[in-house]
Structures are given as C-alpha cells and as structure tokens.
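**Student:** Questions regarding the structure given below will be posed in turn.
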Amino acid sequence: MDQPTKQQLVESLNQDLRLEFQSIVQYVQHVAVITGPEYTSTVDELKIHLTQELAHACVLAEQVAFLDGKPATTVPDVPVVTDSKGALAADLRLEIEQLERYRVRVQEATDLGLPDVAEALRPLLTETQEHVRDLQSALGQ
Ligand SMILES: [Fe+2]
Ligand SMILES: [Fe+2]
C-alpha cells in the first residue's frame, strides 16, 4: 500500500472524528433505550464508553488542527435499531471498524514521521480494543 500524503492523513483523521461523533450519538441513544435487568451492567459500561468517545473526538480534532486541517463537524447516519441486542451489535460493528482504522492510522502517522500524532492516537487504539471486548462479552461472544 502506498504511503498516504499528510493531506490524506488529515482526511482520514477527519473521518475517524466523524465516526467518533457517530459513536457519541449512538451511545447516547442506546444508554436510554437498552432495557432489561440482564443489561444493567452493560448500560453502565456504555456510559463509560460515551465519556471516552468524547475524549477520543477531542484528541482527533486536535491532531487535525495540529496538521493544519479543519476538524470535521458532521455526523454520519446512525443505523436504526429496534431491540437491545441489535443496538449492542451495531455498537460492536462500529467499534470494530474504528479499531481497524486506528491500527492503520497509528502506522500511517509513524510512516509519515509524525511520532507525536502516533503517540496521541495510541490510547484511542487501546480503549477501542477494550470497548470491542466489553461489547463482545455483553453479547455473549
Ligand atoms: Fe472512540
Ligand atoms: Fe469506543
């Protein structure tokens, strides 16, 4: 795969930022609508995710600005879900997509000689890994 330009890295980081906005909107809704005694601890877990997604969005916006880009402000469409399990499955799909993207992004930043950016992104990678595991266990996977 060709090494991206700095401009392409900024565009990818902005899409990462939009996906964090999607996570925030999705988790705000799911925390409110996921019901059932079997999901009480899961909802508590999702509330923790929610605050971490806001921190992730802030880190990404800062990296975009640091690279002379303009941080995105648009939110992708959030899938419609009608049941608790479907909501958690949608959250898991989004977290897996983000995890794959952050793996690529850390490598790209490193390859472009931007160790500070790679370093800033590493906690997002680690926490997204934890979010994937939390959702997998909530879904009994
Ligand atoms: Fe996140
Ligand atoms: Fe997450």
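The values are calculated or read from the model by the stated rules, or taken from the named source; none is laboratory data. Keep in mind that what you see is a predicted model, and the values were worked out from it rather than measured. Glycine gets a Cβ as well: all are built from the backbone with ideal geometry, and neighbour counts include every protein chain shown. The protein model used for the area step is the full one, side chains on, heavy atoms only, and it has no ligands, DNA or RNA in it. Shrake-Rupley method; radii C 1.70, N 1.55, O 1.52, S 1.80 Å.
**Student:** Give the number of residues within the range 105-116 that are open to solvent by 60 Å² or more (accessible area, probe 1.4 Å) and either out of contact with any helix residue (DSSP H, G or I) (no Cβ under 6 Å at 6 or more places or on another chain) or assigned to a loop (DSSP other than H, G, I, E, B) (or both).
**Tutor:** Counting residues in the range 105-116 that are open to solvent by 60 Å² or more (accessible area, probe 1.4 Å) and either out of contact with any helix residue (DSSP H, G or I) (no Cβ under 6 Å at 6 or more places or on another chain) or assigned to a loop (DSSP other than H, G, I, E, B) (or both) gives 4.
**Student:** Here is a follow-up. Going through 51, 73, 82 one at a time, which residue ends up being away from ligand 1 (no atom under 16 Å from the Cβ), farther than 30 Å from residue 7 by Cβ and hydroxyl-bearing (Ser, Thr, Tyr)?
**Tutor:** Criteria check complete, one pass: 82.
**Student:** From the residues in the range 117-141 that are of a type in the set (S, T, N, Q) and over 15 Å from residue 52 (Cα atoms), which one is least open to solvent (accessible area, probe 1.4 Å)?
**Tutor:** The extreme case among them is 136.
**Student:** Here's a follow-up. Which numbered condition trips up residue 55, out of (1) without any contact (Cβ under 8 Å) to a residue 12 or more places away in the chain; (2) aliphatic (A, V, I, L, M); (3) farther than 19 Å from residue 105 by Cα?
**Tutor:** (3)
**Student:** Also, quick follow-up: Counting only residues that are free of Cβ contacts under 8 Å to residues at least 12 places away in the same chain and among the β-branched types (Val, Ile, Thr), which one in the range 27-50 is nearest to residue 132 (Cα to Cα)? Break it down into steps so the answer makes sense when it comes.
**Tutor:** Narrowing the range 27-50 to residues free of Cβ contacts under 8 Å to residues at least 12 places away in the same chain: 32, 37-38, 40-41, 44, 48.
Within this subset, residues satisfying the condition of being among the β-branched types (Val, Ile, Thr) are 40, 48.
Working: 40: 18, 48: 13 Å.
Looking at the filtered set, the residue picked out is 48.
**Student:** Of the numbered conditions (1) assigned to a helix (DSSP H, G or I); (2) in contact with a Lys or Arg (Cβ under 9 Å, 6 or more places away or on another chain); (3) away from ligand 2 (no atom under 16 Å from the Cβ), residue 121 satisfies every one except a single condition; which is it?
**Tutor:** Tallying (1) assigned to a helix (DSSP H, G or I); (2) in contact with a Lys or Arg (Cβ under 9 Å, 6 or more places away or on another chain); (3) away from ligand 2 (no atom under 16 Å from the Cβ), residue 121 fails exactly one: (3).
**Student:** Testing residue 87 on (1) more than 14 Å from residue 42 (Cβ to Cβ); (2) surrounded by 14 or more Cβ atoms within 10 Å (Cβ to Cβ); (3) of a type in the set (A, V, I, L, M, F, W, C), one condition comes back false. Which one is that?
**Tutor:** All conditions are met except number (1).
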